[in-house]
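Below is one structure; the comments refer to it alone.
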Amino acid sequence: MYDYLIVGAGLFGSVFAHEVRRKGNSVLVIDKRPHIAGNCFTENRNGIDVHVYGPHIFHTSDEKVWKFVNQFTEFNSFVYRPKVNNRGRIFSFPINLMTLHQLWDVSTPGDAFRKLDEVRIPCENPRNLEEWILSQVGREVYETFIRGYTVKQWKRDPRNLPASIIKRLPIRLTYNDNYFDDTYQGIPKNGYTEIFKGLLEGCDVALGEDYFANRSKWDSMAKRVIYTGKIDEYFDYAHGELEYRSLRFENFEQSGDFQGNAVVNYTEESVPYTRITEHKHFTPERLGKLSNTIYTKEYPTEWNRNETPFYPIGDEKNNEIYRKYREIADETPNVIFGGRLSEYKYYDMHQVIGSALQKSRRELV
């Protein structure tokens, strides 16, 4: 019998597995996918590390988390600077002084502040995404960069979405176009999958195995279960089904270079995809050696139980359903729930790692 069964070979499960394994525990990790690494999975195709489930940029200001991941791979110095394509015009992004210069021909922080002050639509208590962003940047910026992309991504009117979704977006009155403000940032030089190989070293791993197809068998194989899948599925949807958005990816390969940047967002609602990722630009140190390129169009889609859940829809209705599952989970013996799906929360990678380290160390006390 194993000390731990870990359901899911993604980031939370793999970090937890590493921590308990290095303390001498026996660990079995299962995943219904044919590969480790969950949505962080990268695959080398003709010399290019393709982010199979969409772009992942590692960033953190937590030195302990940064040192932790650097045990398993070497990171490059990639900085995330996406661009926006709106009606054929290319804009700097996230919103910064260059963006506002391109839009309004302002060129100093003072000019930009005065223009924004002129176009803002005041709202003392913004109740939703639209009201909040209009109160910050006004309608033209909202229509150019936010509205169409948001409608495509969530298939909801922005007036029916929480402001927390958009508050993650930086708005700067300097020429700083680095998407993240974190101290550390980069991409693994050999792809993310390399990290997971290191995390799972010494663990038994069974891929292509659906936990729910034979739950009693898997549970009987370990003293403790670490569950990283959908929390509503674990409890057989007893309180209803949590909602997600899913994604579809369309890949292309050609010679040369396609768009000259890692990511370009398409913000018009009439364009069916939200962004195009050109994977070789995540490793600029290799660009001179590559004569080909691979790029991916990303299409938001409706989610159902047969699709991969990507983005939790954290509105009031779904959060109330989750709270009911959380109450049951807290009373479930010998099971630890963790990760984006079990906690129904949009996590960045460093946050998942931090959570897994915290919970595993609490377990090992």
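Helix 11-21 and the longest principal axis of the C-alpha atoms of the chain enclose an angle of approximately 40°. Working note: Karplus 6.51/-1.76/1.60 with θ = phi - 60° gives the range 237-251 the couplings 6, 4, 10, x, 9, 6, 9, 9, 10, 10, 9, 10, 10, 10, 9 Hz, where Gly and Pro are set to x.
Taking the protein heavy atoms of the range 227-365 in the context of the full set of protein chains, the accessible area attributed to carbon and sulfur is 44 percent at 1.4 Å.
Over 10 Å intervals from 0, what percent of Cα-Cα pairs in the range 176-331 sits in each interval? Each 10 Å bin holds this share of Cα pairs: 8, 23, 29, 27, 12, 1. The portion of the accessible surface of the range 23-124 made up by carbon and sulfur, rounded to a whole percent, is 48 (1.4 Å probe; DNA, RNA and ligands excluded).
Surface exposure of the chain, expressed per residue as accessible area with a 1.4 Å probe, stands at 46 Å². As a calculated quantity, the FRET efficiency between Cys123 and Thr183 at R0 = 35 Å, using C-beta atoms, amounts to about 0.60. Relative to the longest principal axis of the Cα atoms of the chain, the long axis of helix 129-141 makes an angle of roughly 40 degrees.
Take peptides 5-16, 29-40 and line them up by average Cβ neighbours within 10 Å, highest first, as a rough protection proxy. Could the numbers behind the result be given before it?
Values: 5-16: 27.8, 29-40: 20.3.
Going by the mean number of other Cβ atoms within 10 Å, highest first, we get 5-16, 29-40.
Here the range 1-112 carries DSSP beta bridges of which approximately 65% are antiparallel, counting only pairs with both residues inside. Pairs from the list Lys83/Lys317; Lys155/Lys230; Lys167/Lys223 with a Cα-Cα gap above 30 Å: Lys83/Lys317; Lys167/Lys223.
Starting at 0 and stepping by 5 Å, how many percent of the alpha carbon pairs of the range 1-155 end up in each bin? With a bin width of 5 Å, the distribution comes to 2, 7, 10, 13, 13, 12, 11, 10, 9, 6, 4, 2, 1, 0.
For the range 146-241, the set of GluC sites (Glu not before Pro) satisfying both a DSSP loop assignment and a count of at most 14 other C-beta atoms within 10 Å is given as Glu201, Glu241. Within the range 182-198, whose backbone N sits under 18 Å from a point 7 Å along Cα→Cβ of Glu253? Counting only backbone N, you get 191.
The dipole here belongs to the chain: it is taken about the Cα centre, uses +1 on the Cβ of Lys and Arg and -1 on the Cβ of Asp and Glu, and is about 320 debye. The candidates Leu28, Leu364, arranged from most to least accessible area with a 1.4 Å probe in the full protein assembly, appear as Leu364, Leu28. Counting only helical runs of four or more DSSP H residues, what would the 222 nm mean residue ellipticity of the chain come to if each run contributes -39,500 (n - 2.57) and the total is spread over all its residues? After summing the helix terms and dividing by the residues of the chain, the value is -8500 deg cm²/dmol. Counting heavy atoms of the protein chains alone, Asp105 has an accessible area of about 120 Å² for a 1.4 Å probe. Other residues lying with their Cβ under 13 Å from the Cβ of Phe93 contribute a combined charge of +4, Lys and Arg counting +1, Asp and Glu -1. For the range 252-313, the average shadow cast by the Cα convex hull is 5.7 nm², which is a quarter of the hull's surface.
Spatial offset of the range 106-155 relative to the range 27-41 amounts to 40 Å, using the alpha carbon center of each.
Net length available on complete extension from Lys345 to Asn306 is 12.0 nm, with 0.36 nm assigned per residue and the Cα-Cα distance removed.
The values are calculated or read from the model by the stated rules, or taken from the named source; none is laboratory data. Keep in mind it's a predicted model, so treat the numbers as computed, not measured. Virtual Cβ from ideal backbone geometry, glycine too; neighbours counted across all protein chains shown. Just so you know, the surface numbers come from the protein's heavy atoms only, side chains and all, with ligands and any DNA or RNA stripped out. Shrake-Rupley method; radii C 1.70, N 1.55, O 1.52, S 1.80 Å.
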